[in-house]
1. Read through the list (1) under 24 Å from the mean Cα position of the chain (by Cα); (2) open to solvent by 60 Å² or more (accessible area, probe 1.4 Å), then give the number of the only condition that Ser21 fails.
2. Could you tell me which residue of segment 51-79 is surrounded by the fewest Cβ atoms within 10 Å (Cβ to Cβ), considering only residues that are small (Gly, Ala, Ser) and at pLDDT 95 or above?
3. Say we look at segment 118-154 and pick out the residues that are closer than 14 Å to Thr179 by Cβ and of a type in the set (Phe, Trp, Tyr); which of these is surrounded by the most Cβ atoms within 10 Å (Cβ to Cβ)?
4. When you check Val40 against the structure, is it touching a helix residue (DSSP H, G or I) at 6+ places or on another chain (Cβ under 6 Å), surrounded by fewer than 19 Cβ atoms within 10 Å (Cβ to Cβ) and closer than 25 Å to Thr378 by Cβ, yes or no?
5. In this structure, is Ala101 touching a strand residue (DSSP E or B) at 6+ places or on another chain (Cβ under 7 Å) and surrounded by fewer than 22 Cβ atoms within 10 Å (Cβ to Cβ)?
6. Are there strands (runs of 3 or more DSSP E) fully within segment 301-416 with at least 2 residues that are open to solvent by 20 Å² or more (accessible area, probe 1.4 Å)? List them.
7. Under 8 Å by Cβ, and 6 or more places apart or on different chains, what pairs join a residue from segment 38-59 that is closer than 22 Å to Asn310 by Cα and in contact (Cβ under 8 Å) with a residue 24 or more places away in the chain with one that is open to solvent by 20 Å² or more (accessible area, probe 1.4 Å) and among the basic types (Lys, Arg)?
8. Those residues that are among the hydrophobic types (A, V, I, L, M, F, W, C) and out of contact with any Phe, Trp or Tyr (no Cβ under 6 Å at 6 or more places or on another chain), I need them from segment 181-210; list them, please.
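The values are calculated or read from the model by the stated rules, or taken from the named source; none is laboratory data. The shown structure was predicted, so the numbers you read here are calculated from the model rather than taken from an experiment. Here the Cβ positions follow ideal geometry from the backbone for every residue, glycine too, while neighbour counts run over all protein chains shown. Only protein heavy atoms, including side chains, enter the accessible area calculation; ligands, DNA and RNA are left aside. Shrake-Rupley method; radii C 1.70, N 1.55, O 1.52, S 1.80 Å.
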Amino acid sequence: RKVQAVASGALASGDTVVVNSDGTVSVVAGVAEGFGSPVVFDTSVGISHSAVYDANAQKVVIIYRDYGNSNYGTAIVGTVSGTSISFGTAVVYQSSLANRASITYDANAQKVVVAYSDTGNSYYGRARVGTVSGTGISFGNITTFEAATCAISISATYDSNAQKVVVAYVDQDNINRGTAIVGTVSGTTISFGAAAVFDSSQQISQVAATFDANAQKVVIAYIPTNVSQGRAIVGTVSGTSISYGSLVAFEGGAVSYLSPTYDANAQKVVIAYRNNGNSNYGTAIVGTVSGTSISFGTAVVYENADATQNSCTFDSNSNKVAIAYTDAGNSGYGTLIFGAVSGTSISFETPVVFETASTSFTFITYDTNAQKVAIAYTDAGNGSKPTSIVFQPGSTNLTAENFIGIASNGYATGQAATINVK
């Protein structure tokens, strides 16, 4: 049996062919899944701190500590093209050791914001606004958001409803209390409201924040020092203030290496973590925000080995959560895994190794323009140099329904093609 249809794209004799939605036919094509080549973005030893995607500039911004330059806080702009990433010139944002730094993107101001602990100024909590232009970045004035020691943990996120930056941190001068503060970006500066403690009963060892765009709430995952239990709390931003709901334990045992993200497709929060109470396995759990509270489904193991340095993001092209981590059960190799949320649970694909050497300080972000995941990490197999790599998801135009047959001859695009139907 044969059919005739207009060729969309050139066909060679014997090509397998699919029918398109407009009735034209094309050769079966696809892109193989895999990673590009790793790119070193600083030739000295460096520790990545955080990474974010600047949607206005369509660039990835990575902040890190540059050992070759007195541990100064440094930022660099990356451009993703295909499976490659190239970098501009590194720019110092803090001329002293910048510790526990976190970066977020303010979509309203179209700027990035870096929050960090300034070791050159009594470890005070500081913030700067960064403007990406081309492959470079410049910074506005330094603002102090906490005139106290903030050297344990800092995490910044952006509330798109309130159009504010929220910085969660551990206030060491207030008995290590978990605290958050709201920042407003204006031009190249940021100003802050009053700090608000979210758990006044516990000392905190880690904070990690994300924003739930559906519920229009900030979610802060954190670890109390005395029990190391995984906890979360919902924050509501109003003006330059933040208030909280009740704290919820999502893991009864000890946890570490928390990393939350928001799944815009499922409209859920996903928290990745190492479950210290279950052989240090890499674990994830789905949270549902309702009002000022959050509830959780059942925790799911994504790595049956010691998983550290967890960092997760949402891939809006595949509608999956991507988690980059160090697989201590596999020689510390850098590893990536994707998970799909359904209801209050998450299921995972097979993990793939992105670096066959020990990795640390792993951070992941999603480039919505290139539709690629970019990972920043420290590569112990290459002198602990700060490195980045891009993941290309596999894709094809072949579905279960659109295969039609074999091209009987060669045809140029726009020609009537005869297809041997199978």
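1. It fails just one condition, (1).
2. Step by step, filter segment 51-79, then rank; the result is Ala55.
3. Ranking the qualifying residues of segment 118-154, first place goes to Phe145.
4. No: the conditions fail for Val40.
5. Judged against the criteria, Ala101 is not a match.
6. 333-342, 345-348, 352-367, 385-392, 403-407
7. Val40/Lys385; Val45/Lys385; Gly46/Arg65; Gly46/Lys385; Ile47/Arg65; His49/Arg65; His49/Arg100; Tyr53/Lys59
8. Result: Val182, Val185, Ile190, Ala194, Ala195, Ala196, Val197, Ala208, Ala209.
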